[in-house]
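Notes to accompany the following structure.
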Amino acid sequence: MPTTTDLLSGFSLAASNTLALPSRAALYARITSAKQLTALVDRYALAPRRFVLGSGSNLVLTGDFDGLVLHMAISSRALADEDADAWYVRAGAGENWHDFVQWTLARGWPGLENLALIPGTVGAAPIQNIGAYGLEVAERFHSLSAFDMRTGESVRFDRAACRFDYRDSVFKQEGWHLDGRFVITEVTFRLPKRWQAIADYAELAGDLDARGIARPDARQIANAVIAVRRRKLPDPARFPNAGSFFHNPLVEAVTAERLRAAHPEIKLYPQPDDRVKLAAAWLIEQTGWKGRDLGPVGMYEKQALVLVNHGGATGADVLALTRAVQRDVSEKFGVKLKPEPVFQPSSTASF
Ligand code: EPU
C-alpha cells in the first residue's frame, strides 16, 4: 500500500515526456502494482485534475499540472493461455512496447512485428489503438484489466468493449484518457497460430524487396519495419518528438473528389466504409511547413507529420505551431487537422 511518502509534490515531468517539455506535477505517484491504486482512490477523488502517464511519448505538456499524475510502471510478461488457434500473451501496462514486441518474437509468437519500434508502453497501446504498416493493435487485442479510480474496482474490457477505431478507443471516446478514471493495469494479446505476413504497405514491401526477401518471416518483417522507421522518423534522443502529430483526416467521398479536382496530385486512400483517408503529411508539406520552424519547434524535415523540439521549447511553442499548421492546411484545403497526442493540462488547449 502506498504511504503519503510515495506521493511526490512538485515533481518535474521534463524527463518523462519525449517532447522534453517542462512541466511540474502538483502530486505524482509511480505505480508498480495494481494494489497501490486502491490506496490512491481517495486522493483521486480530491484532486482537481488527474492523468495517467505512460512513457510520455504521445503527450504535449501545455504547462504545470495542478493535480495528480499516476505514472504507470507495472511490469510483467507471461504466456497466459494457449489453445489450438492462438497464444494469449499478457503484459503489465508499464512494459515498454517495443521490448515486449521483441520478447514475443524471441519466444516464437509472431503477430506484433509490424508494430515494432513504436514508442510507448503496453498500457497506452490500446488507448489510441496504435497502428503502423498495415496493422492496428486492435487486430491482436484480446482483453485488458483496468482499475476504476471512481469505484475502486478492477474491470475487464474485451475487444468489443474497447470500441476500437482508427487511433481511437472507448478510453478516448469517453474522455477517460484525460481524467484518468480507468487505469489500465495489464493487457492480453491474442496471437494467432495461423500466422500470415502483412507486408503490402509500399515502404515495407520496398525494403523487403531491396533485401531480396520474397516470403518474409515475422523477424524479417520486424527488422524491415525497424529499418524504415529509423530512416524516416526522428530519434527522440536527438530530436524530441511525439510521433505523428496529427491524425490522417478521414473525409467523405464527395470531399475527396472536390480535393482531387483542385489538387490532382493529392494522395487519397479509399477506406472500406466509403470514406477516404488523406495523408496529413502531404497536406502539411504542400503548405510549406515540412522542415520549417516556428520558434524552437518545427515540422521534421524527413516526415512532415512529426513535430520536433529543437531545444528549449515550452507547451506554448507547441500550441502556436499546432495552430499555425492547422490554419494553413485549413486555408489551402478546407480540411481541419486533428492533433494526435494527448494535451495536458487539457483545459489549456482547445482545437
Ligand atoms: N508523405 C508526404 N510528405 C511527408 C511524409 C509522407 O507527402 O513528409 C506522404 C507519403 O508519400 C505517403 C503518405 O504521406 O504517401 C503517408 O506517409 P507514411 O507512410 O510515412 O505514413 P503516415 O500516414 O504519415 C502513418 C501513421 C504512423 C505510422 C505510419 C506507417 C498516423 C497519424 N500515422 O503515418 O504512425 O507509423 O503511417 O504505417 O496514422 C503515429 O501514429 O505516431 C505514427 C508514427
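Count Lys and Arg as plus one, Asp and Glu as minus one, and take only other residues whose Cβ is under 15 Å from that of Leu112; the net charge is then +2. The gain in end-to-end length when the His263 to Phe351 segment is fully stretched comes to 29.1 nm, 0.36 nm per residue minus the alpha carbon separation.
Dividing the summed helix terms, -39500 (n - 2.57) for each DSSP H run of n ≥ 4, by the number of residues in the chain produces a 222 nm estimate of -7500 deg cm²/dmol to the nearest 500. Over the range 41-167, the hull volume per residue, using the convex hull of the C-alpha atoms, is 126 Å³.
Of all aspartates and glutamates in the structure, the ones whose alpha carbon falls short of 12 Å from that of Lys290, not counting any fewer than 8 places away in one chain, are Glu301.
Modelled this way, with points 7 Å down the Cα-to-C-beta line, the labels at Glu203 and Asp293 are 2.4 nm from one another.
Other residues whose C-beta falls under 11 angstrom from the C-beta of Ala86 contribute a net charge of 0, scoring Lys and Arg +1 and Asp and Glu -1. Residues of the range 207-246 falling in the label zone of Asp165, defined by backbone nitrogen less than 19 Å from a point 7 Å along Cα to beta-carbon, are 246.
Projected area of the chain, taken from the Cα convex hull and averaged over every viewing direction, in nm²?
With the hull built on Cα positions only, its mean projection is 17.9 nm².
Over all other residues within a Cβ to Cβ distance under 13 Å of Leu13, the charged ones net out to 0, with Lys and Arg as +1 and Asp and Glu as -1. Bridge orientation summary for the chain: considering DSSP beta bridges with both residues in this region, about 75 percent are antiparallel. Shape summary of the range 4-61, radius of gyration then Dmax from alpha carbon positions: 11.9, 31 Å.
Mind checking the range 153-255 for trypsin sites (Lys or Arg not before Pro) that DSSP puts in a loop (not H, G, I, E or B) and that have at most 16 other Cβ atoms within 10 Å?
Numbers: sites: Arg156, Arg159, Arg163, Arg167, Lys172, Arg181, Arg190, Lys193, Arg194, Arg211, Arg219, Arg229, Arg230, Arg231, Lys232, Arg238; in loops: Arg163, Arg167, Arg181, Lys193, Arg194, Arg211, Arg238.
Listed in order of number, the matching sites are Arg163, Lys193, Arg194, Arg211, Arg238.
None of the figures in this text is laboratory data; all of them are computed from the coordinates on show. If you're wondering where the values come from, they're calculated on a predicted model, not measured in any experiment. Please note: Cβ atoms are built from the backbone with ideal geometry, for glycine as well, and neighbour counts cover all protein chains shown.
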